[in-house]
There are 2 protein chains.
Amino acid sequence: MKFIDKLRASAVKNDSLVCVGLDSDVAKLPAGVDQLSFNKAIVDATHDLVCGYKPNTAFYEARGAEGIQVLKDTCDYIRAKAPDVLIILDAKRADIGNTNAGYVQFAYDYLGADAITLHPYLGREALEPFLAREDKGAIVLCRTSNPGAGEFQDQYVDGHKLYEYVAKMVAGDWNGSGNCMLVVGATYPAEAAAVRQIVGDDVWFLVPGVGAQGGDVQKTMEAAQNSRGDGLIISSSRDIIFASSGTDFAAAARNSTELLRSEINTYRKGK
Amino acid sequence: MKFIDKLRASAVKNDSLVCVGLDSDVAKLPAGVDQLSFNKAIVDATHDLVCGYKPNTAFYEARGAEGIQVLKDTCDYIRAKAPDVLIILDAKRADIGNTNAGYVQFAYDYLGADAITLHPYLGREALEPFLAREDKGAIVLCRTSNPGAGEFQDQYVDGHKLYEYVAKMVAGDWNGSGNCMLVVGATYPAEAAAVRQIVGDDVWFLVPGVGAQGGDVQKTMEAAQNSRGDGLIISSSRDIIFASSGTDFAAAARNSTELLRSEINTYRKGK
């Protein structure tokens, strides 16, 4: 199955553009709950409300081999529980060509993820092992959500800002397999609108940065959706998974996910 | 101990600017030799000839949790065998600030690495958890060795090419802890010379790309060393660790390492 078809179907399935970020920092877990049990409880509580889960590798690598095993068990659990929901590995990888084969193996063969986030700096040629996989998503950092994102991304290149230039290249030359997406932070709605303008309706965005980082859902939707009322996945991590630090964390996560889904859908064109 | 002092001492210890890349792809290992035994044999055979080892995480992550355990055991082995030799984690990471804390934990607490390679795209603010560690090296991708490196890196920004702009920022604003290095590929000697011009004598380069990728040692040394005859570490992977595919692989690796050290030293100023 082509990635773009799985992506579209995942958004239709639960009428949702919400992706839950599994940034399951062990220092923040409720007392007595281990990382894997926590993830399973979050998935149990939310899988009928989302289009995807986005585990960030940093929170698993921090614990070494044991954490990687938890990451794999989490991915296996999601696939069994909700096979139509995307698993987006937020790994922000990118190496030279032959080395990327190792990351492809990690993300797709070992974890069974549907997509991975990637740095653009090495260029299309280096990322070919990801771009060639039409069954898997290649989600390229374009405008990141952090306060200092502009240091390089706002520099002018060829009359456009670097993040716009990245958007143009990824939506064009890089997208031969139709599997490219762009990371565009909710903290920068004007930039998101500029990227939508450049890439048209067919390239989807992965949008982190709502909630704790300060991004606003209404502004994001107005800026980033396409003319069909989709074209983006909004990812929320801390505001969902750590909505409560008590024993009711899963119920609180469900509640936050429902609110976010509903808020997003309020602003979708044609809804 | 400051990273820059450990770096300088590592080059003096064995009179060597050679770093051995532990790109220990399991598909290429000699028959009957597992990944960890292979790495130990390479370290045993070469540790008195090098200034560093550079395991690339992709070749370990490819095997999941088991591979991460091998990576940790390899790092532990290097530290026990050759405590003065650097462990450079070629991970090419970079996320937003609080997430990078997970990678810091992985690289420095779990693996005990001395340095890590980083993508520049998110800017200084995001990389602060790495830059703040004066005891650990932050090695930022500047001019990568791959054929398509120029797609973004050669774009003009503020009158200079992007890789030159990255070099200027990293050697300046980013280097408050004196722990920054730059990745500059041996496949681009003219670009390496331009970067040396920009950053002066005190910023060290990590230089991949000699041998299999086509980089030339003489051209690299003429372009990239500083006025003191150092300021760079040349990393070779396949030409050393896979110099022989037979049972004599370790002896062949030693031989290749000796030749590379000697060739590099031939071109060092003041030698």
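Table for the structure above
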item: Residue in segment A:245-258 that is outside any helix (DSSP H, G or I), acidic (Asp, Glu) and modelled with pLDDT of 95 or more present; result: yes
item: Residues satisfying the stated conditions in segment A:69-80, i.e. under 20 Å from A:Ser235 (Cα atoms) and away from chain B (no Cβ under 14 Å); result: A:Tyr77, A:Ile78, A:Arg79
item: Residues located in segment B:178-202, provided they are touching a residue at least 60 places away in the same chain (Cβ under 8 Å) and within 16 Å of B:Arg8 (Cβ to Cβ); result: B:Gly178, B:Asn179, B:Met181
item: Matching residues in segment B:232-241 - criterion: being of a type in the set (Val, Ile, Thr) and outside any helix (DSSP H, G or I); result: B:Ile233, B:Ile234
item: Any chance B:Lys92 is charged (D, E, K, R) and surrounded by fewer than 24 Cβ atoms within 10 Å (Cβ to Cβ); result: no
item: From B:Lys92, B:Lys168, B:Lys161, residue being modelled with pLDDT of 95 or more, farther than 20 Å from A:Tyr165 by Cα and touching an Asp or Glu at 6+ places or on another chain (Cβ under 6 Å); result: B:Lys92
item: Within segment A:15-31, considering residues that are assigned to a loop (DSSP other than H, G, I, E, B) and without any contact (Cβ under 8 Å) to a residue 60 or more places away in the chain, the one surrounded by the fewest Cβ atoms within 10 Å (Cβ to Cβ); result: A:Ala31
item: Neighbours by Cβ (under 7 Å, 6+ apart or cross-chain): first from segment B:57-68, more than 7 Å from chain A (Cβ to nearest Cβ); second of a type in the set (Gly, Ala, Ser); result: B:Thr57/B:Ala91; B:Tyr60/B:Gly67
item: A:Lys54 being under 20 Å from the mean Cα position of the chain (by Cα) and away from chain B (no Cβ under 14 Å); result: no
item: B:Lys6 within 15 Å of the chain's Cα centre (by Cα), modelled with pLDDT of 95 or more, of a type in the set (D, E, K, R) and closer than 27 Å to A:Lys72 by Cα; result: no
item: Any helices (runs of 4 or more DSSP H) falling wholly within segment A:122-231 and containing at least 3 residues that are more than 9 Å from every other protein chain (Cβ to nearest Cβ) and on the phi < 0 side of the Ramachandran plot; result: A:124-131, A:162-171, A:189-199, A:217-224
item: Leading residue by the ranking (nearest to A:Gln105 (Cα to Cα)) among those in segment A:72-84 that are touching a helix residue (DSSP H, G or I) at 6+ places or on another chain (Cβ under 6 Å) and buried (at least 22 other Cβ atoms within 10 Å of the Cβ); result: A:Thr74
item: A:Ala94 being over 20 Å from the mean Cα position of the chain (by Cα), touching a residue at least 12 places away in the same chain (Cβ under 8 Å) and over 17 Å from B:Gly102 (Cα atoms); result: no
item: Restricting segment B:86-117 to residues that are part of a strand (DSSP E or B) and touching a helix residue (DSSP H, G or I) at 6+ places or on another chain (Cβ under 6 Å), the residue that is nearest to the other protein chains (Cβ to nearest Cβ); result: B:Arg93
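The values are calculated or read from the model by the stated rules, or taken from the named source; none is laboratory data. Fair warning: this is a prediction, and the values are worked out from it, not measured in the lab. With ideal geometry, Cβ positions are generated from the backbone for all residues, glycine too; neighbour counts draw on all protein chains shown.
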